Amino acid sequence: MDDRVGRMTLEEKIAFCSGASFWETRGYPQYGIPARFMCDGPHGLRRQAEAADHLGLSASVAATCFPTASALAASWDVDTLRSLGGALGKEALREGVQIILGPGVNMKRNPLCGRNFEYYSEDPLLAGKLAAAWIQGVQGNGVGVSVKHFAANNQEARRMASDSLVDERALREYYLAAFEIAVKEARPATLMCAYNKLNGVYCSGNRTLLWHILREEWGFKGAVMTDWGATDDRIEGFRAGLDLEMPGSRGYFDAEVKAAVLDGRLPEKLVDEAAERLLRVIDATAPREDIRAGLPEGLYEEHHELARRIASECAVLLKNEGPLLPFPENVPLTVIGAFAEKPRFQGTGSSQVTPTRVSSLLEGLREYTRELSYAAGYRLRDEADGGLLAEAVAAARAAAERKGPVLLCLGLTEIYESEGYDRAILSIPKNQIALLEAVSHVNPSVAVVLTGGSAVEMPWLGRVRALLHMHLAGQAGGLAAADLLFGRVNPSGKLAETYPLSYGDVVSSGYYGVNPKQAAYLESMYCGYRYFDTASGKLAEKPVLFPFGYGLSYTSFEYSDLEVKARDGGWEAVFTVKNTGGVAGAEAAQLYIAPRTGGVYRPAHELKGFVKVRLEAGESRRVSLGLERRDLAYFSAEEKGWVVERGAYEVQIGASSRDIRLRGEIEAEGAVPRRSAGSAWYYSLEGKPSKQDFVTIYGEYPDYRPQTKGSYDVTSSIREMAETSLICRFALRVAEKAVARMLGCKVDYSNVLFKMLAETAADNPVRGLPLVAPDQMPRALTEFLVDAANGHFLRGLKRLGGRVLKSRRLFNRVEGGVRKGREKRI
C-alpha cells in the first residue's frame with residue numbers, strides 16, 4: 001500500500017475519493033498530496049476562474065477554440081489530432097490545469113443526438129485512433145485527460161437516467177471499441193463513466209464495465225471518475241472500481257460509505273485501492289514547469305493560426321459542379337447569410353469555450369477580394385423576415401446580371417443542437433431554406449458554406465452548384481473557409497458519418513427517443529454505413545445523400561497495384577496512390593474488410609485502416625496499411641472472447657465506403673463458420689428491427705413502465721413526478737423561472753442556454769441535484785419532493801423540518817403555488 005494512504009484515517013480516504021470542489025481533487029498537505037485542477041476541454045479549455053458549473057453557463061478564461069470533434073474526425077489525420085492535443089496541453093499548463101476532460105468517443109448511433117458535435121464518428125476505429133492521437137498530444141505535456149462517456153451514452157434525452165440495452169456483440173464490436181483503442185494505445189490518465197445505465201446497471205456502479213472489461217481485459221491503470229453528478233450508489237461504485245466522485249458533494253455519501261466499511265459490507269481494501277489509483281494520477285500530472293517556462297508570449301496568436309490550419313484540414317467539399325470552386329482572386333463576390341458575419345463555430349454546453357478571438361468568414365474573404373457585398377438574408381431565430389429576404393434576392397439578382405457567383409452561408413443555428421437535449425429534426429431552419437430557394441431562382445451560380453455539428457437533410461442540394469461543409473470549425477473557421485474557397489488550401493476532409501437522404505432512412509428512426517428512459521438498441525451494431533452499406537447489398541432502395549468517408553478535392557487521385565501479403569502473424573496491404581490532377585492535395589485512403597465466410601451475421605464491410613497521403617501534382621506513393629487477426633474477428637458471447645472464422649476476407653481499398661477502388665483477398669485459419677442463432681433480420685436487414693428480433697440476440701426484458709404515484713424514488717425526475725404530482729408541477733415551473741432569472745431572460749425554449757439548463761433540471765434524477773447544486777437543491781428538499789409526489793406531503797414536510805433554510809424561498813413558492821392551485825380547483 002502507498003504510505004500516504006496508510007497514514008490516512010478511514011474518513012480521510014473516503015473524502016479523498018470525492019472532489020474537494022467543483023473542479024478540484026482533494027489535497028492533503030499533511031501527507032504531501034497536492035490538489036489537481038481539471039476542466040472541460042475537448043476542443044479548447046473551459047477553465048472557470050470563479051463561479052463554477054458543468055454546462056458552460058459561467059464565464060471562463062479565454063482560450064483557443066479549435067474545431068469540435070465532429071469536424072476533427074473529418075480530417076482523417078492522426079497527426080492533426082496529435083498537434084491539436086499538444087496545443088491544448090500547453091494551454092492547460094499556462095492556465096494551471098492538470099486534467100482536461102476529454103475526448104468524447106461515443107458512437108454516433110443516431111444523427112439526432114444533440115451532442116454529436118462533441119463526438120468523432122459513427123465508426124469506432126476512426127474515433128479510437130483519432131482520440132488516441134489527441135491524448136498522446138495532450139499527455140506529452142504532462143497533462144492528464146479523461147476519456148468519456150463510458151459507455152453507451154448515445155442520447156441526450158433523459159441521459160442521466162436512461163437504460164441502454166445493448167447486446168454483447170454490439171457492445172464489444174461497436175460501442176466499446178473506440179474506448180479500447182484509446183486506452184490501449186494512449187494510456188489515458190483517467191476515464192469518465194457515463195450517467196446512464198448499461199443493461200440495467202448505472203455505469204458508475206457497473207463492475208463488469210469498470211473492472212472486468214476496463215481493468216482486467218484492457219489493462220487500464222488510471223483512475224475512473226464520474227461525470228458530474230453521475231454517482232448513483234457510492235458503495236456500489238467502490239465495489240465496481242469507481243475511484244473519484246465529481247464534483248465534490250460535501251460528504252453526501254461519506255457517512256453511508258463509512259458505515260458500510262465498519263459493518264463489513266464494503267471491504268476497506270477497495271477504498272484503499274481507489275485512493276492509490278487516484279494518487280498515481282495525481283503523481284503523473286505534476287505540472288511540468290520545464291515546459292511551461294518555455295511557452296512563448298504569443299502562444300495564443302500561434303494557436304489561432306494553428307486553429308486556422310486545422311479547420312482547413314477538416315472541411316469537406318461535398319459538391320463542385322463546373323467546377324465553381326475555387327474562386328479566382330479578386331472575383332466580385334456577393335455573400336449572403338448571417339453566419340458570414342456572426343459565425344457559429346462551436347456547440348453549446350460543457351465544451352463551450354470563451355475564444356481568444358473570433359474570425360468571421362467576411363474577415364477571411366477580405367484577404368482575397370476587394371469587391372465584396374453582403375446581405376444577412378435571415379434571422380438566426382427561425383423567423384421569416386421579408387425585408388432581409390428581399391434585400392438578399394436583390395443582391396443575388398445584381399450578381400447574376402454581372403455573371404457573378406453568390407456565396408450562401410447556411411447551417412444549424414445553436415438551438416438546433418446542444419448538450420442536454422436531442423435534435424427534433426434533421427433539416428436546417430425553414431427561413432434559410434426559403435432564402436436558398438429564392439436566391440437560387442435568380443442566380444444559378446450558388447455556392448454554399450454549411451455550418452453544423454452533425455448530419456443534415458439536403459432536399460435543396462440540386463439548387464446549388466458547390467457545397468463546402470465547415471462543420472463547427474472553431475474560432476478561426478472563417479479564415480479557413482476563405483482559404484479553401486479561393487484555393488490557397490485544397491479541401492481534403494472526408495465525412496466521418498453517413499448523411500442520409502432523409503431521417504426516415506436511419507435504421508433507428510422509428511424508435512430512437514420514443515422511450516428515452518429505456519433505449520433498446522434493436523439494430524445491434526448496424527449503425528451508419530454498417531447499416532446502409534449492408535442493406536444496399538440486398539435492397540435497392542437504400543441510397544444515401546453522402547456516404548461515410550466521402551469528400552471531394554480540387555485535384556483527383558488514382559489507386560493502383562494492390563498487394564496483400566502475410567506479415568508478423570497478420571497481413572500488410574500495399575498500394576499506390578497518385579495525384580493525377582494539376583494541384584497538390586491530400587487523400588484519405590481507407591481500408592475495409594468484407595467477410596466472405598458465411599458464418600455469423602456481420603456488416604458488409606468495416607473500416608480497419610486509413611492513412612492521409614499528401615501528394616504534389618503528378619506525384620505517386622506506395623502506401624502500406626497493416627492488418628491483425630483481431631481485425632477479422634467477431635466477439636463471441638458464448639466463448640467470451642474474440643473469434644476468427646475460417647475462410648476468405650476481401651480487402652477493399654477505397655476513397656469512401658461506397659467508392660472501392662481496389663480489391664484483394666486473404667485466407668484465414670480459424671473456427672468453422674456457423675450462422676448465428678438470432679433473428680433473420682440481422683442477416684437480411686429487411687424493414688426495421690423489432691423487439692421480437694432483438695430478444696433473440698439480447699434476451700427477454702420487461703418493457704419500461706413509467707413510475708406513478710406511490711412508486712417514485714430518488715431516481716425519478718421532477719418532470720416524471722409532475723405527471724401525477726401538483727407540487728412537482730409547480731416545482732417544475734419554479735425551476736423554469738429560476739433558470740430564466742439566472743440567465744437574465746424570460747422562460748423561453750427558443751433560447752439555447754435556457755432550454756439546455758431547463759431540460760437538464762427537469763430530466764435529472766432528483767438524487768443528482770444535490771451533487772451539482774447543493775445550495776439550491778439540498779438532499780432534504782429532494783426527499784421532500786419524492787414524499788410529496790408519492791402522496792405523503794405531511795410526512796415529507798416533517799422530514800424536511802428546518803434543514804433547508806437556504807432553499808426556504810423556493811419551498812415557500814412551491815407551497816404557495818400548491819395552495820393557489822387548490823383554490824382554483826375548488
With 0.36 nm assigned to each residue of separation and the Cα-Cα distance removed, Arg705 to Glu616 gains 25.9 nm
Kirkwood-type radius of the range 519-674, with distances r between different C-alpha atoms, in Å: 16.9 Å
Nearest 0.05, what FRET efficiency do Lys403 and Lys342 give at R0 = 25 Å with Cβ-Cβ as r? 0.30
Cys with no candidate disulfide partner in the chain (beta-carbon separation under 4.7 Å rule): Cys17, Cys39, Cys65, Cys113, Cys314, Cys409, Cys527, Cys728, Cys745
What 222 nm value per residue comes from the helices of the chain, counting each DSSP H run with n ≥ 4 as -39,500 (n - 2.57) and dividing by all residues, nearest 500 deg cm²/dmol? -9000 deg cm²/dmol
List, in the order given, every pair from Lys542/Lys608; Lys403/Lys430; Lys197/Lys709 whose Cα-Cα distance in the structure shown is over 26 Å. Lys403/Lys430
Nearest 5 percent is fine: what portion of the DSSP beta bridges confined to the chain is antiparallel? 60 percent
Of the listed links Lys108/Lys688; Lys494/Lys688; Lys148/Lys184, those spanning more than 20 angstrom between alpha carbons are Lys494/Lys688
Please find the FRET efficiency linking Glu321 to Arg795, where r is the Cβ-Cβ separation and R0 is fixed at 56 Å, and quote it to the nearest 0.05. 0.20
How long is the gain from Glu301 to Ala255 if the chain were fully straight, where each residue apart is worth 0.36 nm and the alpha carbon distance is subtracted? 11.6 nm
With label points built 7 Å along Cα→Cβ from the Cα atoms of Asp263 and Arg596, find their separation and express it in nm. 6.5 nm
How many nm is it between the label spots at Asn515 and Ser624, if each spot is 7 Å from the Cα in line with the beta carbon? 5.3 nm
Among Phe575, Ala594, His605, which residue has its Cα positioned farthest towards the positive end of the charge dipole of the range 573-638, with +1 placed on the Cβ of Lys and Arg, -1 on the Cβ of Asp and Glu, and the dipole taken about the Cα centre? Phe575
Inter-probe distance in nm under a simple model that places probes 7 Å from Cα toward Cβ, at Glu11 and Gln776: 3.1 nm
I'm a student and want to see the number: the projected area of the Cα convex hull of the chain, averaged over all directions, in nm². 36.7 nm²
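Below 14 angstrom from the Cβ of Thr9, what's the summed charge of the other residues (Lys, Arg +1; Asp, Glu -1)?
0
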Both in Å, the radius of gyration and Dmax of the C-alpha trace of the range 149-260 are 13.6, 40
Inter-centroid distance (Cα atoms) of the range 657-706 relative to the range 253-282, Å: 42 Å
For Tyr704, residues with placed amide H under 5 Å, excluding near neighbours: none
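Please compute the length gained on full extension between Arg292 and Lys640, using 0.36 nm multiplied by the number of residues separating them and subtracting their Cα-Cα distance.
Answer, rounded to one decimal: 120.6 nm.
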Mind checking the dipole of the range 241-351: about its Cα centre, +1 per Lys or Arg Cβ, -1 per Asp or Glu Cβ, Debye to the nearest 20? 400 debye
Size of charge dipole - the range 570-631 - debye, nearest 20, with Cβ of Lys, Arg +1 and Asp, Glu -1, no other charges: 140 debye
Of Ser351, Gly377, Leu295, which is farthest towards the positive pole of the range 280-433's charge dipole, taken about the Cα centre with +1 and -1 on the beta-carbons of Lys, Arg and Asp, Glu respectively? Gly377
Using a simple charge model, +1 on the beta-carbon of Lys and Arg, -1 on the beta-carbon of Asp and Glu, nothing else, what dipole does the range 56-184 show about its Cα centre, in debye to the nearest 20? 160 debye
Under 18 Å from a point placed 7 Å out from the Cα of Cys745 along the Cα-to-Cβ direction: which residues of the range 408-441 have their backbone N that close? 412-424, 429
Give me D for the range 448-579 in µm² s⁻¹, whole number, from Stokes-Einstein with Rh from the Kirkwood sum over alpha-carbon pairs, 10 °C and 1.306 mPa s. 87 µm²/s
With r as the distance between the Cβ atoms of Leu380 and Arg663 and R0 = 51 Å, compute the FRET efficiency 1/(1 + (r/R0)^6) and round to 0.05. 0.60
Between the range 320-367 and the range 67-116, the Cα center-to-center distance that results, in Å: 21 Å
Burial order of peptide ranges 468-476, 367-375, 262-270 (average beta-carbon count within 10 Å, highest first): 468-476, 367-375, 262-270
Amide H proximity to Tyr550 below 5 Å, modelled H, separation 5+ or other chain, gives Leu495, Ser657
Hey, any idea what % of the chain's accessible area is carbon plus sulfur with a 1.4 Å probe? 49 percent
For the modelled label position 7 Å from the Cα of Ala438 along Cα-to-Cβ, which residues of the range 348-387 have backbone nitrogen atoms closer than 17 Å? 374-387
What percent of all Cα-Cα pairs in the range 1-154 falls into each 10 Å bin, going from 0 up to the bin containing the maximum distance? 11, 35, 32, 17, 5, 0
Rounded to the nearest Å, the spacing of the alpha-carbon centers of the range 572-603 and the range 12-41 is 47 Å
For the chain, whose charge dipole is built from +1 on Lys and Arg Cβ atoms and -1 on Asp and Glu Cβ atoms, the candidate among Ala584, Phe179, Thr724 with its Cα farthest towards the positive end is Thr724
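The values are calculated or read from the model by the stated rules, or taken from the named source; none is laboratory data. In this text the structure is predicted, and so the values were computed from the model without any measurement. With ideal geometry, Cβ positions are generated from the backbone for all residues, glycine too; neighbour counts draw on all protein chains shown. In case anyone asks, the SASA skips ligands and DNA or RNA and just uses the protein heavy atoms, side chains included. Shrake-Rupley method; radii C 1.70, N 1.55, O 1.52, S 1.80 Å.
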